[in-house]
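Contents: one structure, followed by commentary.
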Amino acid sequence: MSARDRILSRIRAARGGASAITEIERARVDSTIRAHALGERPATNWEVLPRFRELCIRMASTYDEVATQADVPEAVARYLREKSLPLQAVAWPSIAKLDWTATGITVEGRPARGDDLVGITGTHLGVAETGTLMLLSGNETYAATSLLPETHIAIVPASRIVATMEDAWARTRDEIGELPRAVNFVSGPSRTADIEGILQIGAHGPFRVHVIVTTAE
Amino acid sequence: MSTPSSAGTRPHSTISFKDRAHDRLNDAKVQRAMRNFNLAGARTRGMLDMENLEDIRTSAAAIRDRSLEMLDVWLERFEKEATRRGVTVHWAETHEDANRIIVDIARANDVKKVIKSKSMVSEESHLNGALESAGMKVVETDLGEYIVQLAGETPSHIIAPAIHKSREDVGDLFHEHHKTPRKTDPAELTMEARKFLREHFLSADMGITGGNFLIADTGSLVLVTNEGNGRMTTTMPRIHVAITGIEKVLGTMEDLSCILRLLTRSATGQPISNYITINTGPKAEGDADGPEQMHVVIVDAGRARLLGTDMQEALRCIRCGACMNHCPVYQNIGGHAYGWVYPGPIGSVLTPNYIGLEKALDLPNAATLCNQCGVVCPVKIPLPDLMRKLREKQLDRGLRPWKERAAIRMWAWAAQRPAMYALLTRIAARVGRTAGGADRTIHKLPGNGWTEGRDLPAPSGKTFRELYASRTRK
């Protein structure tokens, strides 16, 4: 008998089940999963976009709105200049292919390395309840772009902001079915309070998260 | 006292809670650190936006119970889905088995350096020691865990591991280990740790994480962090190994969404932690980043023993730390006094169950049963009830000292004889009042150290039953 079987049969013995897992039990678990029942949720008596903005800021992200993707390069340039940040960035290819020529920013569409300072990504979905970005890993949606650089800029189309995390999962199942290797929910910059309980921003991940919502998309 | 060795001792032998607690009460540094500690206030503020908090707690407890009631079936489903996605699932009956499995994975892949994100199960099993004995370098990456590792100690809180350390302590440690100029500003210290740990993230061969939850539906592993070290550990090295307990399985992402609202608010008051990382398998074809291998080690080590018993509710625990943050005993002595991995009320329940009732005799008694922990627990674990049941088990198994057993037997004998009981309490109340003297305070109890540090208010001279009788007559 393997360690696996010994552990599982110890559990079964404790719950007084028959000697092996039955098909009926498997079917019960399967139907529970398929139901995707919602637990009790807090009231969502707010509008999605204002809530998203408010919570992004509460989670220490900065926030901006433009009309469409075409306006994004200028908004990024404005942000980087305001904060005196380098005018050089790595981005997901979908972002790198925007027209950056007028902005004076060099944008490379490649995965981030440890020494890149600004990373620009799209967003799979925004979650209004908590001001959260839902990012999926993939061939052209590199996970490290939102992680290694000191500054992370995320572009979020307003039509892709949902109310709660439950809504985000339901929509993701409808749209893509299987989950990618990594799903990251990012809510503001990296933080720690491990020295005397005093909050510090920028532990291992970005110091700054700047969210740009494209309101007409 | 608070030398690395004593703070870090984690005996599998008997835990002497009394001595440890006594030391911490007399340790000015621990006392100062505990005064600075107020995650309870953060939780209170964090819960304000949830008017239906009680309904959400009930829902969360039901979600955890549903997993525990058919735990084997849920685990089998998790294993099936995770395996389909390319994860290698391992099963460990004991801590030693878990360590051996992980050392073997590291050896088979020629691993030299391991980075770790927080894992309390690996603290249970002393995994770092096992890897180091096998010749590997192990670096903790949660800032608190890193500080504790440099000091050669163990965590004193499950989510704030270095809460017992002052900025000066951290300054000394970094100066010694990093060979940099000594600093004491928390911001500068955090930056210095970031710089040194970034090097390790980029050069490690293997990343080890815990697992806040396993999701049966998708075969996913869930990590909740604020620092981003969980993301780093699962993104940069070529091998990712997660170690977690059998009880951590949830059915669906909907279950997770419900539980997360309570977990992060109960822990730090945040509506959500900065990073919720969900890993489902290793790097896929064409992925730019991620590990080539992903392993999940599912550990029993005493947990299954609690299933189907009056202790099962303890397995609902989602490791938020709220029970310790609200415990008047923890707030005065800190985590190391509890002598094993889990401090506070949940530790007082888990430790005797995991390492043996006879090895942690004081722990179920290290509480006033005030029920602050029971009120704040997000998954409604009846912690005071469980501690009381453990006390009863100690008595049943004859594990309490003879004096205590004799005293309880005498009390039981008297309490079953109402007239005798009334007489004895009347005598005690009268004697107590006389002993109180003019200031109605007893300064010294005979044969008992209790009054060494405080006074006992003297009884008024009348028993409850006498007062009750006189009032009902009126």
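The values are calculated or read from the model by the stated rules, or taken from the named source; none is laboratory data. In this text the structure is predicted, and so the values were computed from the model without any measurement. Heads up, the Cβs are rebuilt from the backbone with ideal geometry, glycines too, and the neighbour counts pull from every protein chain shown.
(1) at pLDDT 95 or above; (2) out of contact with any Lys or Arg (no Cβ under 8 Å at 6 or more places or on another chain): which one isn't true of B:Pro378, the others all being true?
Failed condition: (2).
Give me the pairs: first residue in segment A:37-49 and closer than 26 Å to A:Ile212 by Cα, second residue assigned to a loop (DSSP other than H, G, I, E, B) and modelled with pLDDT of 95 or more, beta-carbon distance under 8 Å, and six or more apart or on different chains, which are they?
A:Thr44/A:Ala163; A:Thr44/A:Thr164; A:Val48/A:Ala163; A:Leu49/A:Thr215
I'm trying to understand the selection: among the residues of segment B:94-120, which are farther than 24 Å from A:Gly205 by Cβ and crowded, with 18+ Cβ neighbours inside 10 Å?
Listed by number, the residues that qualify are B:His95, B:Asp97, B:Ala98, B:Asn99, B:Ile101, B:Ile102, B:Val103, B:Ile105, B:Ala106, B:Val111.
For B:Val121, all conditions in the list (1) within 12 Å of chain A (Cβ to nearest Cβ); (2) touching a Ser or Thr at 6+ places or on another chain (Cβ under 9 Å); (3) not charged (D, E, K, R) hold save one; what is the number of the exception?
Single failed check for B:Val121: (1).
Go through segment A:165-191 and give me each residue that's more than 7 Å from chain B (Cβ to nearest Cβ) and among the β-branched types (Val, Ile, Thr).
Passing the criteria: A:Thr172, A:Ile176.
Considering (1) free of Cβ contacts under 8 Å to residues at least 40 places away in the same chain; (2) under 30 Å from B:Gly344 (Cα atoms); (3) more than 13 Å from chain A (Cβ to nearest Cβ), say which one B:His175 fails and leave the rest.
So B:His175 meets the others, but not (2).
Would you point out which residue out of A:Ser159, A:Ser146 is facing chain B (nearest Cβ under 10 Å) and of a type in the set (S, T, N, Q)?
A:Ser146
Out of the residues in segment A:162-178 that are touching a Lys or Arg at 6+ places or on another chain (Cβ under 9 Å) and in contact (Cβ under 8 Å) with a residue 24 or more places away in the chain, which is surrounded by the fewest Cβ atoms within 10 Å (Cβ to Cβ)?
A:Arg171
Among the listed residues B:Asp217, B:Asp287, B:Asp255, B:Asp205, which satisfies the condition of being among the charged types (D, E, K, R) and more than 7 Å from chain A (Cβ to nearest Cβ)?
Step by step, each of B:Asp217, B:Asp287, B:Asp255, B:Asp205 is checked, and only B:Asp205 is among the charged types (D, E, K, R) and more than 7 Å from chain A (Cβ to nearest Cβ).
Checking B:Leu250 against (1) touching a helix residue (DSSP H, G or I) at 6+ places or on another chain (Cβ under 7 Å); (2) facing chain A (nearest Cβ under 10 Å): exactly one of these is not met. Which one?
(2)
Which residues, counting only those in segment A:116-138, are more than 12 Å from chain B (Cβ to nearest Cβ) and either in a strand (DSSP E or B) or under 14 Å from A:Pro206 (Cα atoms) (or both)?
Those that are more than 12 Å from chain B (Cβ to nearest Cβ) and either in a strand (DSSP E or B) or under 14 Å from A:Pro206 (Cα atoms) (or both): A:Asp116, A:Leu117, A:Val118, A:Gly119, A:Ile120, A:Thr121, A:Leu125, A:Gly126.
Of everything in segment A:192-217, what is at the interface with chain B (Cβ under 7 Å from one of its Cβ atoms), crowded, with 24+ Cβ neighbours inside 10 Å and either within 26 Å of A:Asp71 (Cβ to Cβ) or charged (D, E, K, R) (or both)? Give them in sequence order.
A:Asp194
Against the definition (under 18 Å from B:Thr277 (Cβ atoms), assigned to a loop (DSSP other than H, G, I, E, B) and hydroxyl-bearing (Ser, Thr, Tyr)), how does A:Thr141 come out, yes or no?
For A:Thr141, the condition - under 18 Å from B:Thr277 (Cβ atoms), assigned to a loop (DSSP other than H, G, I, E, B) and hydroxyl-bearing (Ser, Thr, Tyr) - is met.
Only helices (runs of 4 or more DSSP H) wholly contained in segment B:31-110 count here; list those with 2 or more residues that are at pLDDT 95 or above and not assigned by TED's automatic domain parsing to the domain that holds B:Asn279.
In segment B:31-110, no matching helices (runs of 4 or more DSSP H) lie anywhere.
With the condition kept exactly as written, say whether any residue in segment B:122-132 is of a type outside the set (A, V, I, L, M, F, W, C), crowded, with 24+ Cβ neighbours inside 10 Å and within 23 Å of B:Ser220 (Cα to Cα).
yes
Residue-by-condition table, conditions (1) within 17 Å of the chain's Cα centre (by Cα); (2) at pLDDT below 95; (3) of a type in the set (Phe, Trp, Tyr):
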{"position": "B:Leu263", "(1), (2), (3)": "yes, no, no"}
{"position": "B:Asp289", "(1), (2), (3)": "no, yes, no"}
{"position": "B:Gln331", "(1), (2), (3)": "yes, yes, no"}
{"position": "B:Gly334", "(1), (2), (3)": "yes, yes, no"}
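Looking at this structure, is A:Thr151 away from every other protein chain (no Cβ under 11 Å), at pLDDT 95 or above and touching a helix residue (DSSP H, G or I) at 6+ places or on another chain (Cβ under 6 Å)?
It is false that A:Thr151 is away from every other protein chain (no Cβ under 11 Å), at pLDDT 95 or above and touching a helix residue (DSSP H, G or I) at 6+ places or on another chain (Cβ under 6 Å).
All but one of (1) more than 21 Å from the chain's Cα centre (by Cα); (2) at pLDDT 95 or above hold for A:Leu55; state the number of the condition that does not hold.
Every condition holds for A:Leu55 apart from (1).
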